[in-house]
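Below: one structure, written as structure tokens.
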Ligand SMILES: C[S@@+](CC[C@H](N)C(=O)[O-])C[C@H]1O[C@@H](n2cnc3c(N)ncnc32)[C@H](O)[C@@H]1O
């Protein structure tokens, strides 16, 4: 099929890719066997010290983080995903581990429509393993950021990760080439914005990912009601086990706070 006849990446593409069997097996295996990364554990301990905090996990997938939070002693947990097949896997894991987590189906860009969390004021939100960056188009990522802020109380903490186009010299070289392609109109036509990637890996399936630079995320937080608190590359937080490095590559952790006056 000629590249020009392929459809642009949309929310439907991403959702179908996460509902695909290969992805479901991949994320379910990680939820059952991998649990939290060392870096995630350190930052969760640091930024969510209260085990009674009302926490919301966005893009929970098959439950890797939500179930680990329960096992760490967090007791007021809500988690959602827009991929039904992954959510079904999270539900079985919750039952198997005897956890009490309110799981629900929702799209992070349309949370306002979601009755399960209406009137809730969460103390914290997590959007782990780059889920926010799997939302096509910056305006939609900003919409998700705004909607997550709207379901939090003032002072709530937000922890999430992204890639970073500048995280290594190799990445920088690759993106210099890609920026030339965009300048000349030779980019893959299914991509929406500079920084997007769409790729397929054995055992993981097809993945859409937007790779930002640091300035982009700082601007998005400012524009959507979040105050930046901290950001750090994963390798500076903790060395990770080989299984974690095989599951996930380098990323940047972000911590933001909903200011008291909004
Ligand atoms: C890389 S996976 C991570 C899954 C899980 N948090 C983990 O760490 O194993 C990203 C998750 O974000 C979810 N996701 C992406 N866009 C979403 C959206 N707009 N609304 C809700 N979930 C979304 C995907 O369905 C997927 O489960």
Options 185, 195, 155; residue that is on the phi > 0 side of the Ramachandran plot and crowded, with 19+ Cβ neighbours inside 10 Å: 195
Strands (runs of 3 or more DSSP E) (entirely within segment 131-214) containing at least 3 residues that are within 13 Å of the ligand (Cβ to nearest atom) and out of contact with any strand residue (DSSP E or B) (no Cβ under 7 Å at 6 or more places or on another chain): none
Subset of segment 23-54 (residues that are away from the ligand (no atom under 13 Å from the Cβ) and either touching a helix residue (DSSP H, G or I) at 6+ places or on another chain (Cβ under 6 Å) or more than 16 Å from residue 237 (Cβ to Cβ) (or both)): 49, 50, 51, 52, 53, 54
Single unsatisfied condition, residue 201 versus (1) farther than 18 Å from residue 145 by Cβ; (2) modelled with pLDDT of 95 or more: (2)
Residue among 16, 68, 62 that is in a loop (DSSP other than H, G, I, E, B), free of Cβ contacts under 8 Å to residues at least 60 places away in the same chain and either more than 15 Å from residue 159 (Cα to Cα) or more than 12 Å from the ligand (Cβ to nearest atom) (or both): 62
Matching residues, segment 75-91, being assigned to a loop (DSSP other than H, G, I, E, B) and buried (at least 21 other Cβ atoms within 10 Å of the Cβ): 82, 83
Residue match in segment 228-248 (condition: part of a strand (DSSP E or B), in contact with a strand residue (DSSP E or B) (Cβ under 8 Å, 6 or more places away or on another chain) and either within 16 Å of the ligand (Cβ to nearest atom) or more than 24 Å from residue 144 (Cβ to Cβ) (or both)): no
Pair list, Cβ under 8 Å, 6 or more apart: segment 97-124 residue closer than 13 Å to residue 69 by Cβ, other residue within 11 Å of the ligand (Cβ to nearest atom) and outside any helix (DSSP H, G or I): 101/63; 101/79; 102/79; 103/60; 103/63; 103/79; 103/80
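Could you list, in sequence order, all residues of segment 102-111 that are within 13 Å of the ligand (Cβ to nearest atom) and outside any loop (DSSP other than H, G, I, E, B)?
103, 104, 105, 108, 109, 110, 111, listed by residue number.
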Filter result (closer than 22 Å to residue 121 by Cβ and within 15 Å of the ligand (Cβ to nearest atom)) within segment 75-86: 77, 78, 79, 80, 81
In segment 240-262, the residues that are more than 16 Å from the chain's Cα centre (by Cα) and either closer than 21 Å to residue 166 by Cβ or surrounded by 21 or more Cβ atoms within 10 Å (Cβ to Cβ) (or both): 240, 245, 258
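The values are calculated or read from the model by the stated rules, or taken from the named source; none is laboratory data. Not measured: the values here are computed from a predicted model. Here the Cβ is made from the backbone with ideal geometry for all residues, glycine too, and neighbour counts use every protein chain on show.
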